[in-house]
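Structure record follows, encoded as structure tokens.
Derivation of every value follows stated rules applied to the coordinates shown; laboratory data play no part. From a predicted model like this one, the values you see are computed outputs, not experimental measurements. Here the Cβ positions follow ideal geometry from the backbone for every residue, glycine too, while neighbour counts run over all protein chains shown.
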Amino acid sequence: MITCPYCFTKVAPGRIAFRCLGVGGRAKGCAPQPDTVLGAFRGGANAPALPPVFTARRAGRRATCPSCSRESAWRVCPSCHNRLPAEYCANPGKIVALVGAKHAGKSTYIAVLVHELMNRVGEELHSSIVPCDDRTIERYKQDFAGPLYGERKLLLSTQSASASPRDPLVYLFTRTVGRLRRRTASLTLVLFDTAGEDLRQREMSELHLRYLSAADAVIFLLDPLELPGAHAALTGAARARSGTLASDLMSDQMDVVARVTELLRGKSGKLTIPAAVALSKIDELRESMERQSALHRAREPIGALDLDDRDAVDEQVRSLLHQWEAGMIDRYLEQHYTTYALFGLSALGSVPEGEAVARSGIRPYRVEDPLLWLLYRFKMLNGVRR
């Protein structure tokens, strides 16, 4: 089965639909017509005019349009009519969901994580990460990399999908694994930066239910500045920025974890998908931690998951949660997930200056840790004890 990365419907490979190539050059083809299915999915007032969608008796890489007899390789989801990238169909991989409370820094995390996977972390793991479609290329450059890395501006808070419909970012992450029998393993990263209010609105729950139900893993991004007990550990600008959402129902960290778990749950018992729970903006709290804390040292780039380091960070973050009056998050995760891990990271690495990145630049700290742990869980990365 292939899961559509846009509407998250599961489709059997033999039931994938195709879109006619239409008229092109001297080639005869079907004329464009309103695609009401795609228009309804995108929520626009007008349906886009495109060549028609058709089904094939034996769907392969290509199929012949029954109306104009022109062969097409444009595969689309039969449920939403979005085009399915060829690489995605060939390597369905794993889907990782990213969710978080309001102002947890989800958009910034996405921007920096993808940048690191393309560069520093990609070199360490001998891996590649490529966008699966043009919309991913355009949206990453325009909404993420352009403002953050080009203009050095902080990214705006994610708008509700009801007010601003958007496409997910779909990437194919690939690396070669195995020593004796080398094989290529892939991980499909479907990054959909969910706004906190989307998890509360009933009309949005169906899309998010499909999104979360399709996930093979979930990354929770929590803002430690909004944990009541962490306020005393902050200094300077960080203290001024903490607790500003105390009266905002969309910013409660525990509520987001519980709401997403509720959407994930399909039956009784613990959830079996791995959950990575990360405290963002950890750089603003490191001064209050003991010098021997695992969060005072950077991860060593060894091309594998350092299990000793992983255990130390997990225990440190657990201790901080209980210290900052958020121990219920840890207890709740233990009760509802068979496998979960705790992380501390910073996408920017330093406190922003107003609405801009600090003059010292973007210096990510452990931003890749949750994904490395998931790669280890998916048997795409070795774990070592040193």
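Shown is the FRET efficiency for Arg386 and Glu325, computed with R0 = 41 Å from the Cβ-Cβ distance and rounded to the nearest 0.05: 0.75. Taking 19 Å as the limit for the C-alpha separation, the pairs Lys153/Lys281; Lys10/Lys106; Lys106/Lys141; Lys106/Lys153 exceed it in the case of Lys10/Lys106.
Taking 0.36 nm per residue of sequence separation and removing the Cα-Cα distance, the Glu334/Arg15 pair yields an extension gain of 110.9 nm. Taking label points 7 Å from Cα along the Cα-to-Cβ direction, Glu151 and Arg58 give a separation of 5.3 nm. Between Gly383 and Leu305, the built amide H atoms are under 5 Å apart, and every one of these is 5 or more places off in sequence or on another chain. When each of the peptides 65-75, 336-346 is scored by how many other beta carbons lie within 10 Å of its residues on average, the order from highest to lowest is 336-346, 65-75. Taking label positions 7 Å along the Cα-Cβ direction at both Ala312 and Ala86, the computed distance is 4.7 nm, reported to one decimal.
Ordering 280-287, 10-17 by mean Cβ neighbour count within 10 Å, with the highest value first, yields 280-287, 10-17.
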